[in-house]
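The values are calculated or read from the model by the stated rules, or taken from the named source; none is laboratory data. Every value quoted in this text rests on a predicted model; they were computed, and no experiment measured them. Cβ sites come from the backbone with ideal geometry, for glycine too, and all protein chains shown count toward neighbours.
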Amino acid sequence: MSCKPQGCPSCHPPADMAPDPSRREFVWDAIRTFSFGALTLTALPILVSEADADDDAKAAAPPPDAASPTTGAGKDKGKRTVLFGYLVDTNKCIGCGSCMLACKNENDVPDDQFRTWVERYVYYKDGRVEVDTCTSGNFSFDQKPALDPKVVDKAFFVPKLCNHCVETPCIQVCPVGASFMTQEGVVLIDHDRCIGCAYCVQACPFGTRFINHKTNTADKCTWCYHRVVKGEKPACVEVCPTGTRIFGDINDPDSDISKVLAANRIDVLKSYLGTRPKTRYMGLTAEVV
Amino acid sequence: MHGQPTEFLFPNDHGSVAWTVMIVLYPYITGLVAGAFVVAALYHVFGKKELAPVARFALAASFSFCAFATMPLLLHLHQPQRAFNIMFTPNFTSAMAGFGFIYSFYLILLAVEILLVFRDDIVDRARRGGVEGLLYKVLALGVTTQTPGSRALDHKWISVLSVIGIPAACVLHGYVGFIFGGVKANPWWSTALMPVIFLCSAIVSGVAMLILLYVLACKFRRVAVDDECLRSMMRTLWLFLILAVALEELELLNMAYENGSEWAMLSRLIAEKLHFSFTWLQLVLGSLVPFFLLAIGMRRGLHPGVRIGLGTVSGLLVLIQVAAMRWNVVIGGQLLSKSFRGFNSYVPEFGGREGLGVALLVFSLPFVLLFALSRILPLWKTDAADAH
């Protein structure tokens, strides 16, 4: 229905009434403001990060070592991101178990559960291979009978811990996303989100996950994330008297771990499963699983 | 030359298993859900008219088991108060993340189908008034008028839901098998056959349970067992038993024939740790014996009393077979340490949250619900209108 030519104030405002400037202008103003705001918010982080990169380049500081106190791990430093790695040189381990004690003290791990442990492989001349584990630290392998060199071919220790895999079965199977990987490559568990279904315990091929009796959530080695983000070493690495355990930024070519990785033949556990562990080993034999 | 290392378990594998008898019970109950639904679908979708006496009961049984399928899971969870995280913040790379959605979908489907199948009776009773009438009015969703057109629509939807329900049942239970089959860390579980094996054994257990319940209910109600109905269920059971056992054994045969690095320990697992539950319960008592009993029992012209006896015993043995199969998969898979060098042990406690006592209590609840349903709905009615 059409309105009368001069009768409808909304269609035909009287001459003395100011033309309604507000609606159209308001819409255009809103569009301009919104567009400017959106562009600014989008561009700002890019500009800021570029400025950071410029500052870094100007400073020409050496790339940070993850194990040094000033790392600021997790933040981009120039174009390089910190990626933590862990190396176990089994040739150096003496089976003292200090690492296990340090881990339990640092992380309040229940007595009968383990974020890390040390296995002992003994190869006898008659063909037998015996494997056992040190469960309490403090040179507890000493409680077992001494090895007689006449009957033993060789013997060595293999420390075990979470492998912080690249293709993690544990993160894949967690139904609620409580297991996750930090940008530094550390696999962690959100204990406030975990429902304690233990699917990750089943999925981990290395036996490193367990349901913590105290927290009733999944638990495992974190490479002492709370320490390494402050530039400290994991507790087990800190106390190891022989340098068996090496931790650091594998993206930093000058870090200790990178140098050892570059100069040696390196292995991982259960490589056939394709989980691509970031805990690497030196001196493994076929019997080590 | 050095041989295989001696027994060695990873230290976190010592003592107990992460998935206890509750995780044995969970696939057992969901299997009964899927199996009972298949019987109802054989009638509603595939026109197996001889199953009419148990068609409605099968649907109610399926619903009763489904209603309690999550109980063992909640009892198993170490943080059960966060159970709904699985639906609120699902991680879709996890096989387990679909559980809440698949389960809810199936439970709703079953509930709607039951309301439609029993709608005539519900509406009749809703008109009675009083507290009883109020209950049925709620079940009738407040609508107590029925026309030939609405009845036709109801029956159409019953067929549609049955048709959707068959793949849904397959997904529900195939998914349970996938939970295990997708764990590459465990050679006892990691096989693509696992979902199919679980599905077949689910159907087997559901049909076996229906045979048992049908015979018992007939005795309880003092009515004669419908010979043709029982025979049809026994034939279905026989067919799916052969399929289930063949798949279970083919999987093992394949592993044994390939003789891969893991077979040395898996063969020991069967021979030493699961000797009784696998060889005797699952294979001999639960598979071979009912195979022969059913073969005899489904012959035409057999004395009804003999058929009832053979059907009941077979049903019971097959239920034991499936329970043993669930135990052997769930517990057996965890007895082998991830070191592949030694075996753990697990003896379920009777008391406690995840004990046998609670497991038995949980398993009894579907029967209580089924009994309650039989009090409020005519589960045994077979009217002409339903036989479409």
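Within segment B:79-101, restricting attention to residues that are part of a helix (DSSP H, G or I) and aliphatic (A, V, I, L, M), the residue that is farthest from the other protein chains (Cβ to nearest Cβ) is B:87. So, of the residues in segment A:266-283 that are closer than 15 Å to residue B:184 by Cα and aliphatic (A, V, I, L, M), which turns out to be surrounded by the most Cβ atoms within 10 Å (Cβ to Cβ)? That would be A:269.
Check B:220, B:240 and return the single one that is over 21 Å from residue B:32 (Cα atoms) and either part of a helix (DSSP H, G or I) or in contact with a helix residue (DSSP H, G or I) (Cβ under 9 Å, 6 or more places away or on another chain) (or both). Residue meeting the stated conditions: B:220.
Against the test of being within 14 Å of chain B (Cβ to nearest Cβ) and surrounded by fewer than 16 Cβ atoms within 10 Å (Cβ to Cβ), the options A:263, A:203, A:286 yield a single qualifying residue, A:286. All of B:108, B:114, B:122 fail the test of being without any contact (Cβ under 8 Å) to a residue 24 or more places away in the chain, within 20 Å of residue B:159 (Cα to Cα) and aliphatic (A, V, I, L, M), apart from B:108.
Of the residues B:362, B:358, B:329, the single one that is assigned to a helix (DSSP H, G or I), within 14 Å of chain A (Cβ to nearest Cβ) and at pLDDT 95 or above is B:329. Exactly one residue out of B:25, B:75 is under 19 Å from residue B:352 (Cβ atoms), of a type outside the set (Asp, Glu) and either part of a loop (DSSP other than H, G, I, E, B) or more than 18 Å from the chain's Cα centre (by Cα) (or both), and it is B:75. Kindly evaluate residue A:211 against the criterion of being in contact with a strand residue (DSSP E or B) (Cβ under 9 Å, 6 or more places away or on another chain), more than 9 Å from chain B (Cβ to nearest Cβ) and without any contact (Cβ under 8 Å) to a residue 60 or more places away in the chain. Judged against the criteria, residue A:211 is not a match. The residues of segment A:95-137 that are under 24 Å from residue A:233 (Cβ atoms), basic (Lys, Arg) and facing chain B (nearest Cβ under 10 Å) amount to a single one, A:115. Note on segment B:271-282: residues that are touching a residue at least 24 places away in the same chain (Cβ under 8 Å) and either in a helix (DSSP H, G or I) or not assigned by TED's automatic domain parsing to the domain that holds residue B:322 (or both) amount to 6. State whether the residues of segment B:59-72 include one that is within 14 Å of chain A (Cβ to nearest Cβ) and either closer than 25 Å to residue B:369 by Cβ or in a helix (DSSP H, G or I) (or both). Looking through segment B:59-72, at least one residue is within 14 Å of chain A (Cβ to nearest Cβ) and either closer than 25 Å to residue B:369 by Cβ or in a helix (DSSP H, G or I) (or both). A residue that is assigned to a helix (DSSP H, G or I) and farther than 30 Å from residue B:131 by Cα occurs nowhere in segment B:374-386. All conditions but one from (1) assigned to a loop (DSSP other than H, G, I, E, B); (2) touching a strand residue (DSSP E or B) at 6+ places or on another chain (Cβ under 8 Å) apply to residue A:280; the one that does not is (1).
Exactly one residue among B:177, B:129, B:133, B:165 is more than 14 Å from every other protein chain (Cβ to nearest Cβ) and either among the charged types (D, E, K, R) or surrounded by fewer than 13 Cβ atoms within 10 Å (Cβ to Cβ) (or both), and that residue is B:129.
Taking each residue of segment B:226-242 that is over 17 Å from residue B:198 (Cβ atoms) and looking for partners that are crowded, with 22+ Cβ neighbours inside 10 Å and of a type in the set (Phe, Trp, Tyr) with beta-carbon atoms closer than 8 Å, six or more apart or interchain, yields B:229/B:214; B:230/B:214; B:233/B:214. Between B:2, B:76, the distinction of being modelled with pLDDT of 95 or more and facing chain A (nearest Cβ under 9 Å) belongs to B:76 only.
Let's see how each residue does on (1) surrounded by fewer than 21 Cβ atoms within 10 Å (Cβ to Cβ); (2) polar (S, T, N, Q); (3) in contact with a strand residue (DSSP E or B) (Cβ under 9 Å, 6 or more places away or on another chain); (4) within 23 Å of residue B:321 (Cβ to Cβ):
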| position | (1), (2), (3), (4) |
| --- | --- |
| B:194 | no, no, no, yes |
| B:200 | no, no, no, yes |
| B:215 | yes, no, no, yes |
| B:219 | yes, no, no, no |
| B:237 | no, no, no, yes |
| B:249 | yes, no, no, yes |
| B:253 | yes, no, no, yes |
| B:257 | yes, no, no, no |
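Exactly one residue out of A:239, A:289, A:228, A:260 is farther than 30 Å from residue B:179 by Cβ and touching a Ser or Thr at 6+ places or on another chain (Cβ under 6 Å): that is A:239.
When residue B:31 is tested against (1) in contact with a helix residue (DSSP H, G or I) (Cβ under 9 Å, 6 or more places away or on another chain); (2) surrounded by fewer than 24 Cβ atoms within 10 Å (Cβ to Cβ), just one condition goes unmet, and that condition is (2).
The residues of segment A:126-142 that are surrounded by 13 or more Cβ atoms within 10 Å (Cβ to Cβ), modelled with pLDDT of 85 or more and in a loop (DSSP other than H, G, I, E, B) amount to a single one, A:128. Each residue in segment A:164-177 was checked for being over 10 Å from the mean Cα position of the chain (by Cα) and either closer than 23 Å to residue A:249 by Cβ or more than 8 Å from every other protein chain (Cβ to nearest Cβ) (or both), and 4 of them qualify. Any chance segment B:183-193 includes a residue that's among the aliphatic types (A, V, I, L, M), within 14 Å of another protein chain (Cβ to nearest Cβ) and not in a helix (DSSP H, G or I)? Yes, because at least one residue in segment B:183-193 is among the aliphatic types (A, V, I, L, M), within 14 Å of another protein chain (Cβ to nearest Cβ) and not in a helix (DSSP H, G or I).
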